[in-house]
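Sharing a structure below in structure tokens format, with a few things to ask.
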Amino acid sequence: MRTLLVFASLLVAACGGGPTAAPPPAIDPDLAGLPDPHRPTLQAYLVLTRDPAAMQDPTAVAAMWDAVHGKTPRYAPIRGHVRWVPGDYALDVELDFADLPHPRFSTERLAPLLAALPPAERAKAEAATLGVLFQSRVDALPDGNHIRLAGAAALYAADRYDGVVVDLLARRAWTPAAWHGELTAPRLSDRQRRFVRAGDALLTRGNPKFGAPDVRVVGVTEHNLAAAQARFAALDAHVLARGGAVGERVTLPGDAPVTLAACGHPPADADCVQVPAP
């Protein structure tokens, strides 16, 4: 992977302002499981395109920030959903570039993520010669609106360079039209995360986008499946609401205390905790 450009921009609140700004609105009751604002989050999107010059000049980057700030009609509805941000909120987006095929983004790794795309879009993604990686580490905003902002950066590139968007954390691919629909919807959908059974484990994908670790319950069998699913759901709700760290002792509703452990592989990253099945 070659890093050609790294950009950061300060997102100045269109409403809310500086130190005297009103506090953020209360989160709706059915969003109570999402993390409080100001929790660090991670997003990673790969835009697959056949344009070798995608996002590699200052004009394109400036146009991307115009999209994020809602200065063009197609992206204004996305920015319009972000009704409150702190006055000093900084939205950082880093851009890396990978000439394809690339070991990190090989055909074998990407194929399962692209399988659900419509045939024409899947063929376009499979023929891509460049992957533009958008990474954003920012504080959480109410209602997950930080996802709308960083997601708009990836959407601009997919629109401009006839590409598709791959959410590397939730492991899901989107056409530009579908990703635009997601970001302009009144509420983000449950497709921002995934729940997976892999071998003897139940795991989430995408929690770091909301400032929480992914969770994994291991040692799942058909015999203990119901109890494991209950522990999995309770742990997921716990980390979304309150966070979770390796070594933390957690008592889940209706369950015995458990100690959160590092996940190991897979998935092999610091934003994942696991417990054994009951």
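The values are calculated or read from the model by the stated rules, or taken from the named source; none is laboratory data. It should be emphasised that the depicted structure is a prediction, and the values quoted were computed from it without experimental measurement. Positions of Cβ are backbone-derived with ideal geometry, glycine not excepted, and every protein chain shown enters the neighbour counts.
Can you spot a residue in the stretch 197-213 that is of a type in the set (S, T, Y), outside the structural domain of R79 (by TED's automatic domain parsing) and under 25 Å from R242 (Cα atoms)?
Looking for residues that are of a type in the set (S, T, Y), outside the structural domain of R79 (by TED's automatic domain parsing) and under 25 Å from R242 (Cα atoms), one finds at least one in the stretch 197-213, hence yes.
A further question on this structure: Just to verify a result, which residue in the stretch 257-277, among those that are assigned to a loop (DSSP other than H, G, I, E, B) and either modelled with pLDDT of 95 or more or within 9 Å of A245 (Cα to Cα) (or both), is farthest from the chain's Cα centre (by Cα)?
Looking at residues that are assigned to a loop (DSSP other than H, G, I, E, B) and either modelled with pLDDT of 95 or more or within 9 Å of A245 (Cα to Cα) (or both), I get A277.
Residue by residue through the stretch 186-229, note down the ones that are among the hydrophobic types (A, V, I, L, M, F, W, C) and part of a strand (DSSP E or B).
F195, V196, A198, A201, L202, L203, V215, V217, V218
Go through the stretch 67-163 and tell me which helices (runs of 4 or more DSSP H), entirely inside it, have 1 or more residues that are surrounded by 15 or more Cβ atoms within 10 Å (Cβ to Cβ) and among the small types (G, A, S).
Of the helices (runs of 4 or more DSSP H) lying wholly inside the stretch 67-163, those with at least 1 residues that are surrounded by 15 or more Cβ atoms within 10 Å (Cβ to Cβ) and among the small types (G, A, S) span 119-126, 145-160.
So in the stretch 231-243, with the set limited to residues that are touching a Pro at 6+ places or on another chain (Cβ under 8 Å) and at pLDDT 90 or above, which one is surrounded by the fewest Cβ atoms within 10 Å (Cβ to Cβ)?
Checked the stretch 231-243; the qualifying residue surrounded by the fewest Cβ atoms within 10 Å (Cβ to Cβ) is A234.
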